[in-house]
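Structure first, then comments.
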Ligand code: NAD
């Protein structure tokens, strides 16, 4: 039985399965071909734009209660398909099935939050001026939104954009990653079954820069929402500036994890090992620079070593596997480069450090110590299963180190001292500071990066309002 999705584009309410150009989608666990993905032509992109204009006209005039019902219905249908879609996701992305199931559950919660709140977007009236002036603040959906998502969370990233855009009343052209198209296709199918008018979502794939260059140059597109790397985010922001499109950018990070001398070590190690190696480290908010107080360094290192021995690396479709392959060969090359560079700079690999097997994109869970602060691993986003351990002895100094990069996404602090908790929460410059825990991305909480980690927020009402213009109507 074929568990994988038939791959296609969805334009103007029709599925397109054939094209002159396209690409194979590979299973990262064994490099087998899962399917062939057609690429959109310029003609297809124009059709998607025309369809999105029709879709916007219809959707913005749809009663918010109806919008709400459709989004909530999509959540219900997705709940019935967890088993099938989790397999599609693991086949194309590699993460263990249990993680795919978790990601789908998270996406259901996102749909529910946005569905529920779609009907709560209201006009506000300010009417307390002496001269009798009343100002009505009317929320208006921005228009056609271009959503571009990466491959590390094939459903959550898609839903985190589509759901608030639809709640706000926008139409969407989405280009998910060409490396994980099947999951996104299943989401679009679900929205059609839930009763979404056929022109409200258009789904395209192709050569990423050709699609973004073309669509971002068009006036009809009013907003860009992108999740991916910092360099691509900057490129897209520049392109968007030509027509002054609004941008939400959810970019990379290099998140410090600071373990103080008074931390609850066993609990800290459990939390950090789970969060570091989830999705084989390919998570924008993954802890990735580990600063350990010198007084507990040996204990922490040994604790990580023993926990890494329990990670079961293998095909995510198999029972009991706790870490799958990396999503593509580029990540293998990147891990090799990080390790080579660290060794050249005097570091020791104390666990892993190699590609595992020659078929499939597996990389061993790796720990590196004696890190030179100038090495690539301390300065570039790792996005993989490598854990660099760094010793520190002064809290002000370690905060400076935490703040030393241009990234500002997540950060992690482990300490039982309330004074230190408050100090770190205040002084670390990041999208968030998680204390004695991981970073839970709940659907009702806005999350966003600062510095070069991004612009704007996803999650919460902020995400819905990022697709809305507040128009003032002044009446006397
Ligand atoms: P990449 O930057 O080339 O691609 C990231 C995503 O952006 C891909 O899905 C791709 O389709 C899309 N993309 C790339 N160029 C584009 C363009 N010109 N127009 C439109 N879309 C474009 O890198 P990669 O090799 O796929 O991933 C490696 C790096 O990406 C990692 O080191 C990590 O920094 C980053 N990344 C971040 C996230 C995140 O959640 N913030 C997710 C995935 C990847």
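Values in this text are rule-based calculations from the coordinates and carry no lab data. Please read all numbers here as calculations on a predicted model, not as lab measurements. No Cβ is skipped: glycine too gets one built from the backbone with ideal geometry, and neighbour counts run over all protein chains shown.
Note: the stretch 147-231, Cα convex hull, 98 Å³ per residue. Once Rg and the Kirkwood radius are both taken over the C-alpha atoms of the stretch 365-442, their ratio Rg/Rh works out to 0.95. In the stretch 310-397, Cα pairs under 8 Å separated by at least six residues give a relative contact order of 24 percent. Percent of C-alpha pairs per 10 Å bin in the stretch 205-259, short distances first: 24, 49, 16, 8, 3. Using the Cβ-Cβ distance between residue 138 and residue 213 with R0 = 35 Å, the FRET efficiency computed as 1/(1 + (r/R0)^6) comes to roughly 0.55. The convex hull of the Cα atoms of the chain, projected and averaged over all directions, covers 24.1 nm². Each Cα pair under 8 Å and six or more residues apart adds its separation to the average, and for the stretch 135-179 the resulting relative contact order is 52 percent. Each Cα pair under 8 Å and six or more residues apart adds its sequence gap; the mean of these over the residue count of the chain is a relative contact order of 18 percent. What residues from the stretch 304-326 fall in the zone where the backbone N is under 17 Å from a label point 7 Å along the Cα-to-C-beta line of residue 105? Only 320-322 fall inside the zone, counting backbone N under 17 Å. For the pair residue 343 and residue 65, the difference between a 0.36 nm per residue extended length and the Cα-Cα distance amounts to 94.2 nm. Could you work out how far helix 156-168 tilts from the main Cα principal axis of the chain, as a 0 to 90 degree angle to the nearest 10? Computed tilt is about 30 degrees. Subtracting the Cα-Cα distance of residue 379 and residue 393 from 0.36 nm times their residue separation leaves 3.0 nm of extension gain. Taking every DSSP beta bridge that has both ends in the stretch 255-435, the antiparallel portion is near 20%. Helix 265-277 against the longest principal axis of the chain: what's the angle in degrees, Cα atoms only, rounded to the nearest 10? The answer is roughly 50 degrees.
For the stretch 255-435, a Kirkwood hydrodynamic radius built from all Cα pairs, placed in the Stokes-Einstein relation at 25 °C and 0.890 mPa s, yields a translational diffusion coefficient of 149 µm²/s. Round to the nearest 10 and give me the degree value, 0 to 90, for the angle of helix 82-93's Cα axis relative to the longest principal axis of the chain. Roughly 60 degrees between the two axes.
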